[in-house]
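Peer 1: If you scroll down you'll find the structure; I have some questions about it.
Since every read-out is calculated from the coordinates, none of them should be taken as a lab result. Just so you know, these numbers come straight off a predicted model, no measurement behind them. Using ideal geometry, Cβ is built from the backbone for each residue, glycine included, and neighbour counts are taken over all protein chains shown.
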Amino acid sequence: MAISDRQLAGLKAVLFLFCLLPLARLGWGAWQDALGANPIETIQRGLGSWTLNFLLITLCITPLRRFSGWAWLGRLRRILGLYAFFYAALHFLSYLWLDQFFDWDAIGRDILKRPFITVGFAAFVLLIPLAATSNRLALRRLGGRRWQALHRAIYPIAIFGVIHYWWLVKRDVATPALYALAVLALLGLRALWRERERREQLAGKYAPQRPPQVRGRIIPIVSQRK
Amino acid sequence: MGTKRAEPNGNAPAQFASMIILPSEITPPQAYFDRRRFISAAGALALGGLLPATAIAQALPARKSPLSVLETPTPRDDIVNYGNFLEFASDKYGHVERSQAMAVRPWTVTVEGLVAKPRRFAIEDLLKLPLEERIYRHRCVEGWSMVVPWVGFPLAALLKQVEPLSSAKYVEFVSHADPAIMPNVRRQLLDWPYLEGLRLDEALHPLTLIAVGLYGEVLPKPNGAPLRLVVPWKYGYKSAKSVVAIRLVEREPRTVWMKAVPDEYGFYANVNPAVDHPRWSQKRERRIGEFFKRDTLPFNGYAEQVAQLYSGLDLRKFF
């Protein structure tokens, strides 16, 4: 199914607004005093959950595109990834502001001493360069290969995010386990594809046509001089 | 919430006033007069003449206790609707509805073990004991806190009736566990039933309370109806809910949390800002309803009354 540029633009606009709904719900809840006895905890947890959700949704794009063949799905990925960063930043801000009220001493100790905070913080820091290079200019400057290598950081980020959640719960790890399973499936699928491609390459499926026998030397097109 | 009772106000219908003294009438009125309460009070007043006598059967007469703190109690709504009742739910809200399935009448609690006169008490008999309102601080190990106006009697009053033997050194508290209505009991999230324990001297301390009520009424189910332990200088998880058995034993009980996560939840569980939980700091706490965190006090502010129980004990090791 192919769609026109205009349809895609419309879809992007709808998606953009849709992704604001979780935030709107929290905002409305805060306004209506409907976030329970501990609204700060509700806000912080909500923002954290949605960071993870957006990371997972972003990771779903490639498999969905491959299974459906809808290439335009890939063009929604940037919005989703940026929303993952957006919610992560708000989650971090809620920790700095609502939870710790800029008690830098306590925050510093938390980041160094509490493994679940360390790993969450690491995930957030790793997200920053991805958000910063999400634009077309950065892609051109970096070059496709390097850009792609950088953006594969989403794999460890997702793993760190789930560990962050897992380590913070008191006893019942059912929900973090669900997230872990989802990440495992999404990353496992990629590993599987990679492995299959590697085997196919070894089997010679993608081997270039044997060039006709030529005499003389092959001169590399790209200059090798330092 | 929503139960019809005489609300604190100067004009309570005369037939009620002669029957009971609500503890809410003797606690500072500003604690009660938030907007919602005022509205429900107005409603109760309007209906006052029509209320049948059974409508106030929920109220518990209680004496004001000098052991109460002077801080403003957390609103009843928050105390009832937020908390950990792990048998029913793993979050802090899910237990409220699910616990309504728990039948709290008839209810008995056996007091047994190393005692001269083991006994089984019916909840009705316990409600006849002289009750006190005790406004206590409550600090959860997770870092939030409340101020709770409990109604109850000292555990010592109960223990005296069964005459502990000299061999009794510890007291064990066993909570109700019913897989039919408790999802996390079905899942075996912990090694049920919930089991907690105190040293005998802690159990006999005048601050240690068996609570049967909250805000002048019988204890709501989400808070551990019909009776629960309250040990205000320890983290909340020590205060077992919906207790069915109290046993006097010789050895330190292996509590449900020590079996599950021994390095995080110790036997003593004294509130202590100087000893961090392995995963978070215990220096500060969020009082429910407040924006800024406040400093956590040693023994939750009860150091003067209880610190001597632990003289010579390394509180870092016996956390």
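Peer 1: Only helices at least 27 Å long along their axis, Cα-based, and averaging 0.0 or more on Kyte-Doolittle count here, so list those DSSP H runs from chain A.
Peer 2: Working: long enough: A:39-68 (41 Å, 0.52); A:174-202 (41 Å, 0.14).
Result, helices passing both filters: A:39-68, A:174-202.
Peer 1: Give the distance, in whole Å, between the Cα centre of the stretch B:179-224 and the Cα centre of the stretch A:114-144.
Peer 2: Cα centres, the stretch B:179-224 to the stretch A:114-144: 47 Å.
Peer 1: Once you have the Kirkwood Rh of the stretch B:56-200 from its Cα pairs, apply Stokes-Einstein at 37 °C and 0.692 mPa s and quote D in µm²/s.
Peer 2: So the translational diffusion coefficient is about 187 µm²/s.
Peer 1: May I ask you to derive the relative contact order of chain A, considering only C-alpha pairs under 8 Å and at least 6 residues apart, and to give it as an integer percent? Present the calculation step by step, with values, prior to reporting the outcome.
Peer 2: Working: 151 pairs, mean separation 37.9, N = 226.
Relative contact order of chain A: 17 percent.
Peer 1: Can you spot the lysines whose alpha carbon is less than 18 Å from B:Lys293's alpha carbon? Ignore those fewer than 8 places along the same chain.
Peer 2: Within the straight-line limit of under 18 Å, B:Lys293 reaches these lysines: B:Lys283.
Peer 1: May I ask for the Kirkwood hydrodynamic radius of the stretch A:1-143, worked out over all distinct Cα pairs and given in angstroms to one decimal?
Peer 2: Numbers: mean 1/r = 0.0586 Å⁻¹.
Evaluated on the stretch A:1-143, it is 17.1 Å.
Peer 1: Also, quick follow-up: Which one of A:Leu137, A:Leu21, A:Leu56 has the biggest mean-square fluctuation once chain A is modelled by GNM with Cα springs under 10 Å?
Peer 2: A:Leu137
Peer 1: Could you check what % of the DSSP bridge pairs in the protein assembly as shown are antiparallel, to the nearest 5? Show your work: numbers first, answer last.
Peer 2: Numbers: 39 of 47 bridges.
Percentage antiparallel, nearest 5: 85.
Peer 1: Using Cα-only point scatterers and the Debye equation, what is log10 of I(q)/I(0) for the protein assembly as shown at each q in 0.08 Å⁻¹, rounded to two decimals?
Peer 2: -0.66
Peer 1: Here are some pairs, A:Lys170/B:Lys160; A:Lys170/B:Lys169; A:Lys113/B:Lys221; A:Lys113/B:Lys234; A:Lys170/B:Lys64; which of them have Cα atoms lying more than 28 Å apart in this structure? Don't skip to the answer; put the middle values down first.
Peer 2: Values: A:Lys170/B:Lys160 36 Å; A:Lys170/B:Lys169 30 Å; A:Lys113/B:Lys221 38 Å; A:Lys113/B:Lys234 24 Å; A:Lys170/B:Lys64 36 Å.
Where the Cα-Cα span goes over 28 Å, the pairs concerned are A:Lys170/B:Lys160; A:Lys170/B:Lys169; A:Lys113/B:Lys221; A:Lys170/B:Lys64.
Peer 1: Could you state the number of Å between the C-alpha centres of the stretch B:244-307 and the stretch A:36-113?
Peer 2: 32 Å
Peer 1: Report, in debye and to the nearest 20, how large the dipole of the protein assembly as shown comes out about its Cα centre when Lys and Arg carry +1 and Asp and Glu carry -1 on their Cβ. Don't skip to the answer; put the middle values down first.
Peer 2: Details: 72 positive and 44 negative charges, 780 e Å.
Computed charge dipole of the protein assembly as shown: roughly 3740 debye.
Peer 1: In peptide A:166-174, how many Cβ atoms from other protein chains are near each Cβ within 10 Å, on average? It would help to have the intermediate numbers written out before the result.
Peer 2: Values: counts 0, 1, 2, 3, 13, 11, 8, 2, 4.
Partner Cβ neighbours, averaged per residue: 5.
Peer 1: Fewest first, what order do B:Trp233, B:Trp192, A:Trp72 take by the number of other Cβ atoms within 10 Å? Before the final figure, lay out the partial values.
Peer 2: Working: B:Trp233 28, B:Trp192 21, A:Trp72 16.
So the residues, fewest neighbours to most, are A:Trp72, B:Trp192, B:Trp233.
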